[in-house]
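What follows is calculated from the coordinates using simple rules that are stated; it is not laboratory data. Since this is a predicted model, take the numbers as computed values, not measurements. Using ideal geometry, Cβ is built from the backbone for each residue, glycine included, and neighbour counts are taken over all protein chains shown.
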Amino acid sequence: MSGKVLGIFIVAAALIFGAVVYYAQVYYFYAPLPEDEARVVLTPQDRGEPRDIPFRDFEGIDASSSPIRYRACFTTSERPDTLDPVFERYEGAEPRNAPDWFGCFDAEAIGAQIAAGTAHVYTSRRNIEFGIDRVVAITEDGRGYIWEEINECGDKAYDGTPLGEDCPER
């Protein structure tokens, strides 16, 4: 009899722990971005100071528990064909999944649009935090998405490879 009680206790404890971890990862750490922090900037091709672009309907979330949890959605009057000659494109970006409850950001659909060429990805800011770049994808119909990518310096730092001279100080 005591073996069954112990087994039930272990299973119950594991289920409770799993539920707490799930809640923490999906809900607890995220917070909506205040309206005064809503900003959409792109880096010019000359790598000068990032410039604001017009936007509306901004929704964003962030978490202090990880440098790559920032997600945002917006609409803009700008289109890729007018942005391409002016702003720096960001190659190799792949949208990261957002929590299911943040419905405007569908990483799979955004990735498909990037692959199809109907969305272009631009550099917003390099090294927001060491090894992390903020990127913006803008579709042909004016929808915009923002997330953060681990850049080459971040990859090197996290896997232990010696950093090159082009990486900033930590």
Check your understanding: In whole Å, what is the distance between the alpha-carbon centres of the stretch 28-63 and the stretch 1-21?
Key -> 44
Practice item. Would you mind calculating the gained length between Glu140 and Glu35 on full extension (0.36 nm times residue separation, minus the Cα-Cα distance), in nm to one decimal? Key: 35.3 nm
Exercise for review: Tell me the label-point distance for the pair Ile10, Val86, using the 7 Å Cα-to-Cβ offset, in nm and rounded to one decimal.
Suggested key: 6.3
**Study point:** Gain in span if fully extended, Cys104 to Glu59, counting 0.36 nm per residue against the direct Cα distance
**Key:** 15.4 nm
Exercise for review: Hey, could you get me the Stokes-Einstein D for the chain, Kirkwood radius over alpha-carbon pairs, 4 °C and 1.567 mPa s, rounded to whole µm² s⁻¹?
Suggested key: 72
**Study point:** Arg79 versus Arg125: modelled label distance in nm, points set 7 Å from Cα along the beta carbon direction
**Key:** 3.0
Review point. If you line up the long axis of helix 2-23 against the longest principal axis of the chain, both from Cα atoms, how many degrees apart are they, to the nearest 10?
Key: 20
